Amino acid sequence: MNNAITGLASTLSTAVNDAQKTIVGIHEQLASGKKTLNPAENGVITRLSAQSSGYGAIVQNIVAARNVINVAQSGLTSIAGIITQMKNLATQAASVGLKDSDRESLDVTFANMKDQIDNLATSASVNGNNLLGTEDLTVRTDIDGTGTPTTTISAASISAIVTAMADLTIATSDDAGTAMASLTTQLETVSTAQSNLSASDGALVAQQTNAQTLSDGLAKVVDTIQNVDSTKLQALLQNMNTQQSIDYYLVSQMNTEAAAVLTIFR
């Protein structure tokens, strides 16, 4: 009988210790907000987190590229406005009733505007990337480095427009007529560049949305695996505390019973 009581008390003592370890573990998880995972689960977390981060980097690449496009579009809008003003000046200068001194004055303004276009094209740079220059912009959208950039944005090459307008003048009526025809062509070139950049931006938006969705989805899976459910853990903690209290009571009762039995042999 004594051996039975002692054995039961030992079993209950083990249960108390196990419950205590579980309670400590629950407190640690509640404090950190993270589950206690096994090595395999940690491996999954590492892999999925890396993929989520990779897609997040793609989003940053695309956002940076779209900033370059936006600056270029702003520059093209300003350039289109200046060319339109130059065309208006050429239209005035083409009038046969205009004095030569008036044409010369208009031609000075006309020449200054050509310089403004060149300055706008040069200043439309973001971190060394300038779509109003001659270099295309490529955007990498793979996460492991084994793929190739999926989007290439063509440069508007405003330098070609500047070159085409370099010798334009409106000092005479005939020159003004020639300038009007050339400026009409350059406006069409700018309009085409604006449309191309808009189409490229639309493609990037679609890729950005896709990459962000993948990044967010993977991050949610990671959170599901490693984040604790506070409500469930609190309920489990309450149950474990209750069970531990019962085990403590039973251990004390077994010890009391064992002590009572021992008094018989005294």
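A short reminder: the numbers here are calculations on the coordinates, not readings from a lab. Treat the numbers as computed from the prediction; the structure is a model and nothing was measured. Neighbour counts are summed over all protein chains in view; Cβ atoms, including those assigned to glycine, are modelled from backbone coordinates with ideal geometry.
How far is it, in nm, from the label point at I246 to the one at M113 when both lie 7 Å from their Cα along the line to the Cβ?
According to this spin-label approximation, the distance is 9.1 nm.
Taking neighbour Cβ counts within 10 Å as the exposure measure, how do V228, V139, V108 sort from fewest upward?
Arranged by neighbour count, lowest to highest, V228, V139, V108 become V108, V228, V139.
Subtracting the Cα-Cα distance from 0.36 nm times the residue separation, let me have the gained length for N127 to V24 in nm, one decimal.
Contour length minus Cα-Cα distance gives 31.9 nm.
Kindly state, to the nearest 0.05, the FRET efficiency for A235 paired with N17, given R0 = 22 Å and r defined as their beta-carbon distance.
It comes out at approximately 0.50.
Between K34 and T84, what FRET efficiency comes out of the Förster formula 1/(1 + (r/R0)^6) with R0 = 45 Å and r the beta carbon distance, rounded to 0.05?
Given R0 = 45 Å and the Cβ-Cβ separation, E is 0.15.
Given a Förster distance of 41 Å, report the FRET efficiency between T224 and N67 from their Cβ-Cβ distance, rounded to the nearest 0.05.
With a Förster radius of 41 Å, E is 0.75.
Give me, ordered by chain and number, the residues 5 or more places off K35 or on other chains with an amide H under 5 Å from its own placed amide H.
N227, V228
Give the share of C-alpha pairs in each 5 angstrom bin for the stretch 60-211, from 0 to the last occupied bin, in whole percents, shortest bins first.
Calculated over all Cα pairs of the stretch 60-211, the distribution is 2, 10, 18, 18, 14, 11, 9, 7, 5, 4, 2, 1, 0, 0 percent.
Using θ = phi - 60° and the Karplus relation 6.51 cos²θ - 1.76 cosθ + 1.60, list the HN-Hα couplings for the stretch 22-29 in order, rounded to whole Hz, with x at every Gly or Pro.
Working through the residues one at a time gives 5, 5, 4, x, 5, 4, 5, 5 Hz.
Net charge near N129: determine it from the other residues with C-beta under 15 Å of the C-beta of N129, scoring Lys and Arg +1 and Asp and Glu -1.
Summing Lys and Arg as +1 and Asp and Glu as -1 gives -1.
Explain nothing, just the number: dipole magnitude of the chain about its Cα centre with +1 on each Lys and Arg Cβ and -1 on each Asp and Glu Cβ, in debye rounded to the nearest 20.
I would put it at about 1300 debye.
For the stretch 31-44, what does the Karplus curve 6.51 cos²θ - 1.76 cosθ + 1.60, with θ = phi - 60°, yield as ³J(HN,Hα) per residue in whole Hz, taken in order and with x for Gly and Pro?
5, 8, x, 10, 6, 7, 9, 7, x, 5, 5, 4, x, 5
Quick check: residue separation of N42 and T185 times 0.36 nm, minus the Cα distance between them. What number comes out in nm?
45.3 nm
With a sphere of radius 14 Å drawn around the Cβ of M165, what net charge do the other residues whose Cβ falls strictly inside it have (Lys, Arg +1; Asp, Glu -1)?
For residues surrounding M165, the net value is -4.
Per DSSP H run of at least 4 residues, take -39500 (n - 2.57); add these up for the chain, divide by its residues and hand me the 222 nm value, nearest 500 deg cm²/dmol.
Estimated from H runs of four or more residues: -28500 deg cm²/dmol.
With an 8 Å cut-off on Cα pairs and a minimum separation of 6 or more residues, tell me the relative contact order of the stretch 60-211 in percent.
33 percent
Expressed in nm to one decimal, what extension gain is obtained for the pair N210 and T91 from 0.36 nm per residue of sequence separation less their Cα-Cα distance?
Going from the current span to full extension adds 37.9 nm.
When the convex hull of the C-alpha atoms of the chain is computed, what volume per residue in Å³ does it have? Before the final figure, lay out the partial values.
Working: hull volume 40.9 nm³, N = 266.
It is 154 Å³ per residue.
Evaluate the charge dipole of the stretch 60-211 about its Cα centre and quote only its size in Debye, nearest 20, assuming +1 on the Cβ of each Lys and Arg and -1 on the Cβ of each Asp and Glu.
Around 340 debye, computed over the stretch 60-211.
Nothing charged except the Cβ atoms of Lys and Arg (+1) and of Asp and Glu (-1): what's the magnitude of the dipole of the stretch 129-188 about its Cα centre? Round to the nearest 20 debye.
The calculated dipole for the stretch 129-188 is roughly 100 debye.
Taking K35 as the anchor, which lysines have their alpha carbon closer than 24 Å to its alpha carbon, excluding any fewer than eight residues away along the same chain?
The reachable lysines, counting only those whose Cα sits under 24 Å from K35, are K21, K220, K232.
Among M165, M86, M240, which comes first, then next, by fewest other beta-carbon atoms within 10 Å?
If I rank by nearby Cβ atoms, fewest first, I get M240, M165, M86.
In whole Hz, what ³J(HN,Hα) sequence does the stretch 55-71 give by Karplus (6.51, -1.76, 1.60; θ = phi - 60°), x for Gly and Pro?
Listing the rounded values in order: 5, x, 5, 4, 4, 5, 4, 5, 4, 4, 5, 5, 5, 4, 4, 4, 5 Hz.
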